[in-house]
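One structure is given below, encoded as structure tokens.
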Amino acid sequence: MILATRNRHKLKEMAELLPAVELRPLPPDLEMPPEDGDSFEANALIKARAARRATAEAVIADDSGIAAEDLGGAPGIYSARYAGEGASDEENLAKLLREVDAAGGGRRAAYVCAIALIDEAGEEHVFEARCEGRLLSAGRGEGGFGYDPAFVPDDTGVEDPRTFAELSAAEKHAISHRGRAVRLLAEHLEAAPEGSP
């Protein structure tokens with residue numbers, strides 16, 4: 001199955017989450033359309049449809065990001081380019097933390113992931129999930145990517161101050177937005193008739 005991404009972190013994480021599925025990245029010469037949808041679901045479908053047209057294979061695509069409560073859900077669908085096109089993870093995180101500090105209120109946030117599947121028959125399915133938590137004022141930890149160093153998930157409990165970047169891969173996958181969305185996808189794939197993905 002084609003995974004419509006060139007993000008190596010995302011490819012690695014998805015491969016860990018879907019060990020029974022052989023995932024292949026996008027062909028290197030495939031030009032992807034702009035992600036100009038108004039939701040995570042819309043952007044996931046844009047990517048999946050483009051990959052499907054180009055390869056005629058079953059494809060999955062995800063769109064994910066973080067939504068800060070005090071910023072009205074920003075950066076949301078703009079998470080990957082919050083500090084501008086081509087911005088690094090560090091630059092995006094620094095901008096988010098500056099803006100959350102300036103908002104002066106709480107630090108509640110949620111990671112959101114939408115995964116679009118276009119199966120061999122061309123049918124479209126979307127699986128969406130969230131992980132609630134809070135943002136620290138500075139990042140900690142060496143694991144994960146994106147906003148992980150500043151995100152403390154609720155699911156580990158109030159006594160556990162670790163960020164996503166401080167959890168093991170297995171711990172993160174068990175509770176993350178992407179882990180939850182992938183489990184919904186996996187349930188769908190397992191229930192699909194024999195011969196279809």
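For the stretch 1-62, what is the relative contact order in percent, using Cα pairs closer than 8 Å and at least 6 residues apart in sequence? All intermediate terms of the calculation are to be shown ahead of the outcome.
Details: 72 pairs, mean separation 26.6, N = 62.
Here the relative contact order equals 43 percent.
Note on E22 and A42: with the Förster distance fixed at 41 Å, the Cβ-Cβ geometry gives a FRET efficiency of about 0.90.
Per residue of the chain, the DSSP helices (runs of n ≥ 4 H) give a summed -39500 (n - 2.57) that works out to -10000 deg cm²/dmol at 222 nm. Most mobile of D119, D160, D29 per a Gaussian network model of the chain (Cα springs, under 10 Å)? In the Gaussian network model the winner is D29. Across A50, A67, A110, mean-square fluctuation computed from a Gaussian network of the chain (C-alpha pairs under 10 Å connected) peaks at A50.
Note on the stretch 33-189: Kirkwood hydrodynamic radius from all Cα pairs is 16.2 Å, rounded to one decimal. Based on C-alpha pairs under 8 angstrom that are at least 6 apart in sequence, the chain has a relative contact order of 17 percent.
Could you sort 79-85, 42-48, 142-148 so that the peptide with the highest average Cβ count within 10 Å comes first and the rest follow in order?
Numbers: 79-85: 15.1, 42-48: 22.4, 142-148: 18.7.
So the peptides 79-85, 42-48, 142-148, ranked by packing, come out 42-48, 142-148, 79-85.
At a Förster radius of 35 Å, what calculated FRET efficiency corresponds to the Cβ-Cβ distance of K12 and A102, to the nearest 0.05? Please report the intermediate quantities before stating the final value.
Details: r = 34 Å, r/R0 = 0.97.
The pair K12/A102 has a calculated efficiency of 0.55.
About its Cα centre, the stretch 2-191 has a charge dipole of approximately 280 debye under the convention of +1 per Lys or Arg Cβ and -1 per Asp or Glu Cβ, with nothing else charged. Axis angle, to the nearest 10 degrees, between helix 89-103 and the longest C-alpha principal axis of the chain: 50 degrees. Once the Cα atoms are used to define both axes, helix 177-191 deviates from the longest principal axis of the chain by about 20 degrees.
Can you compute the FRET efficiency between R140 and R81 using 1/(1 + (r/R0)^6), with r the Cβ-Cβ distance and R0 = 22 Å? Round to the nearest 0.05. List each step's numbers first, then the result.
Working: r = 24 Å, r/R0 = 1.09.
Step by step, r from the Cβ atoms, then E = 0.40.
For the chain, the longest principal axis of the alpha carbon atoms and the long axis of helix 8-17 meet at an angle near 70°. So which residue, out of P19, P149, P28, gets the largest mean-square fluctuation from a GNM of the chain using Cα contacts under 10 Å as springs? Result for the chain, Cα springs under 10 Å: P28 fluctuates most.
No value in this document is a laboratory result; all are computed from the given coordinates. Note that the coordinates shown come from a computational prediction; the quantities given were computed from them, not determined experimentally. Glycine gets a Cβ as well: all are built from the backbone with ideal geometry, and neighbour counts include every protein chain shown.
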